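This report concerns only the one structure given below.
The values are calculated or read from the model by the stated rules, or taken from the named source; none is laboratory data. Predicted, not measured: the structure shown is a model, and the values here were computed from it. So basically every Cβ, Gly included, is an ideal-geometry build from the backbone, and we count neighbours across all protein chains shown. These accessible areas exclude ligands, DNA and RNA; they are computed on the full protein's heavy atoms, side chains included. Shrake-Rupley method; radii C 1.70, N 1.55, O 1.52, S 1.80 Å.
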Amino acid sequence: MPTYREILKINEQYALDNQKEDSGVKLLLMHFAKMDSADLLLSMDEEMPETLYQDFLYGVDRFVAKNIPVQHIIGFQEFFGYNFKVNHDVLIPRFETEELLGNILIIYEEVFGSKKVKVVDIGTGSGCLAVTLDIEESNMEVFATDISEEALIVAKENNESLGGNVTFLKGNLLEPLKEMKFDILVSNPPYIPNKEFVEGLIKDNEPNVALFGGVDGLDFYRAIIKDAESILNESYIIAFEHAFNKAKDLRKIIKKHLKDVEVIQKKDLQGKDRMTFIVKK
Ligand code: GLN
């Protein structure tokens, strides 16, 4: 048998030749070999066992030829250092959303110091934002909503396996939160305009209800911002992820509905306008 290194190289090239990320091939090998990246490095010049080779090739075929996301084959996506279970019922957490999370933690401290706060995540999907905030910041009591029962099953599983203490509520946007008050509202709502082209890898494998946000992609921001103050305390933070070309439009919606707020807009690591924070002190 050829070595791990040789087999990995050939298959990474195969992925690249088919417009797939070569990093996915390494993740598949680590998964089927049950190795972390350090183990894999140490095994690179050993011969690959035949049974592992067969399993790995089957995985690579599903990823490259059958257009299945690596995360669905291995069953999880790492987010902020935690492994979140994912399947067809939830959006696969994205790197940009980790940046949103990091900024929420920073702005929370600036506005609230180390005060205890109540946080709600609207449209929690896999639960990546809600569960990570809950684990990372002990001063946050976290709630999360989603309209999809199937998504909530996954989110609850992640909450349990990662040791979170999030309360999940089923329903559309703010609807299940009537009579409650929060200090922080976070959301990464579906934000692709309905008619925008989306590649098959995403459109065929991730729930469309988690992707599309109306004609201009801003329906969920309008709906949330319009009613946000009914569930927020006097001082609050609202944190959104959004499409890179919607920062200005979002600012207009905010101006229309919210008075005396500071609006902070930030770029992601790729230099794209990606996050908007609304702060009322
Ligand atoms: N809040 C989840 C995430 O950020 C789900 C987002 C969504 O389904 N649009 O990944």
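The residues of the chain expose on average 50 square angstrom of accessible surface per residue, using a 1.4 Å probe on protein heavy atoms.
Among 10-16, 128-134, 31-37, 195-201, sorting by the average number of other beta carbon atoms lying within 10 angstrom of each residue, highest first, gives 128-134, 10-16, 31-37, 195-201. The listed residues PHE63, PHE220, once ranked by accessible area (1.4 Å probe) with the largest placed first, stand as PHE220, PHE63. Which percent of the accessible area of the chain is formed by carbon and sulfur heavy atoms (probe 1.4 angstrom)? Answer for the chain: carbon and sulfur cover 51 percent of the accessible area.
Between PHE197 and ARG5, the simple label model (points 7 Å from Cα in the Cβ direction) yields a spacing of 4.1 nm.
For VAL261, nonlocal amide neighbours, meaning residues 5 or more places apart or on other chains whose placed amide H falls under 5 Å from its own, do not occur. Sequentially through the stretch 53-60, phi angles give Karplus couplings (6.51, -1.76, 1.60; θ = phi - 60°) of 4, 5, 4, 4, 4, 4, x, 5 Hz, Gly and Pro residues having no value and appearing as x. Beta bridges assigned by DSSP with both partners in the chain are antiparallel in approximately 45 percent of cases. 3J(HN,Hα) along the stretch 160-167, derived from phi through the Karplus expression 6.51 cos²θ - 1.76 cosθ + 1.60 where θ = phi - 60°, amounts to 5, 5, 9, x, x, 9, 7, 9 Hz, with x in place of Gly and Pro. In the stretch 96-157, a dipole from Cβ-located charges (positive for Lys and Arg, negative for Asp and Glu) runs towards its positive end, and of VAL117, THR97, LEU129 it is VAL117 whose Cα lies farthest in that direction. Heavy-atom accessible area for MET1, with the other protein chains in place and a 1.4 Å probe, reaches approximately 80 Å². Using θ = phi - 60° in the Karplus curve 6.51 cos²θ - 1.76 cosθ + 1.60, the 3J(HN,Hα) couplings for the stretch 178-184 round to 3, 6, 9, 10, 10, 9, 9 Hz; x is entered for Gly and Pro.
For a test of the definition: using alpha carbon positions, the gyration tensor, and the 1.5 limit on a/c, classify the chain as rounded, prolate or oblate. In terms of gyration-tensor shape, prolate. If you wrap the Cα atoms of the stretch 1-119 in a convex hull and average its projected area over all directions, you get 9.5 nm².
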